Amino acid sequence: MSGQGFVYGIAAAITCAIQLTGYAVAYSLKTETFYDILGGVNYLALALWSAVAGSIDAPLNWVDDPRKILVTILFICSRGWLLIFLAWRAHERKGDSRFDEVLGKGGGQPQPFGFFVFWMAQAFWVFLISLPMLFVNSSQVNKPGFSAYDIAFAILFCAGVLIEILADIQKALWVKRGRKGDFCTDGVWAVSRHPNYFGEIFQWWCLFAFSYSSSSNNGYADPLWWVGILSPLFTMQILLTMEPTGLCNAEGKNLKRYYDKCPERYSKYRENTSILIPIICYKYVPMFLKRTIFFDFEKYEYKPKSDGSVKNDGLES
């Protein structure tokens, strides 16, 4: 097995061990409290493992390779924030309704396999998101300097992390203040209805692009570098298409509470605010662009079962 293959293989084994152990303990206790926390711990464990193991046969030790130092620090900052935020959120909420059915909290029968699926989905997400970081840390390429390309994508990665952090903090403070206005429009939430999801997706596209310079075959010819594209693609799959999380959980039928409380104000907010990509003057963006590159798909609209004042969430002209 090659040096990179060894790093990847053990990283997969570490991920499986953490998630399977977490599942076994959590199901025995019938709790989901540390589900998100173990996801964060898993990320940090992979960063530590790849930083140590990736230097074994490399021309430079990790401490002498600025590219590996930078990508590890950026990755730890991103996932470290996620760990802190999710731990705080788990403490504040004292539970997660996503798991009520599979844990039998509503009086139903517990579903061990359903709970297992949640943990395995997290295992896949953690490992796939970590692919660009694993690629850089296990690379045998000696490129001690940074090109303008590297610097640009490192800065953009930081921007994605910052947007996510700002969105999380601004939303948490809005909740603490009593959810004034019924829906959050503070800070970055004024230019995106889901800026936290945008920051999460954007940063992994940037890290995948950054990892290009660590390829030994000029990037485009290195199959292992191309494997790293699964990081942003899987993140988009989870956040854009899968229930019970991401946009599918936040939009569609779950918008009913806003249309029951403040239909006119919320319709105006949706009309003027991008679903994902932060942008001003969204109202004037043509519908075909909203339905394509801006990801504002029809499936995310709220469609009342009976006739009412809300027909199309204010998106159709």
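Descriptive notes on the structure:
- Leading residue by the ranking (nearest to the chain's Cα centre (by Cα)) among those in the range 175-201 that are assigned to a loop (DSSP other than H, G, I, E, B) and acidic (Asp, Glu): Asp186
- A single entry from Ala172, Ala152, Ala167 fulfils the requirement of being touching a strand residue (DSSP E or B) at 6+ places or on another chain (Cβ under 9 Å), outside any loop (DSSP other than H, G, I, E, B) and surrounded by 14 or more Cβ atoms within 10 Å (Cβ to Cβ): Ala167.
- Some residue of the range 249-266 being crowded, with 20+ Cβ neighbours inside 10 Å and of a type in the set (Ser, Thr, Tyr): yes
- The set of residues in the range 18-52 being over 22 Å from the mean Cα position of the chain (by Cα) and surrounded by fewer than 20 Cβ atoms within 10 Å (Cβ to Cβ) consists of Thr21, Ala24, Val25, Tyr27, Ser28, Leu29, Lys30, Thr31, Val52.
- Remark: pairs (first residue in the range 125-138, farther than 15 Å from Cys16 by Cβ and outside any helix (DSSP H, G or I); second residue open to solvent by 10 Å² or more (accessible area, probe 1.4 Å) and at pLDDT below 95; Cβ separation under 7 Å; 6+ apart in sequence or on different chains) = Ser138/Gly3; Ser138/Gln4.
- Enumeration of residues in the range 271-282 that are surrounded by 15 or more Cβ atoms within 10 Å (Cβ to Cβ) and not β-branched (Val, Ile, Thr): Glu271, Asn272, Ser274, Leu276, Pro278, Tyr282
- Filter result for Trp81 (touching a residue at least 24 places away in the same chain (Cβ under 8 Å), over 22 Å from Val227 (Cα atoms) and in contact with a helix residue (DSSP H, G or I) (Cβ under 7 Å, 6 or more places away or on another chain)): yes
- When the range 202-221 is filtered for residues that are of a type outside the set (Ser, Thr, Tyr) and open to solvent by 10 Å² or more (accessible area, probe 1.4 Å), the ones remaining, listed by number, are Phe202, Trp205, Phe208, Ala209, Asn217, Asn218, Ala221.
- Number of positions in the range 53-73 that are open to solvent by 20 Å² or more (accessible area, probe 1.4 Å), among the hydrophobic types (A, V, I, L, M, F, W, C), part of a helix (DSSP H, G or I) and out of contact with any Lys or Arg (no Cβ under 8 Å at 6 or more places or on another chain): 4
The values are calculated or read from the model by the stated rules, or taken from the named source; none is laboratory data. Since we're looking at a predicted model, the values are computed, not measured. Using ideal geometry, Cβ is built from the backbone for each residue, glycine included, and neighbour counts are taken over all protein chains shown. With ligands, DNA and RNA removed, areas are computed over all heavy atoms of the protein, side chains included. Shrake-Rupley method; radii C 1.70, N 1.55, O 1.52, S 1.80 Å.
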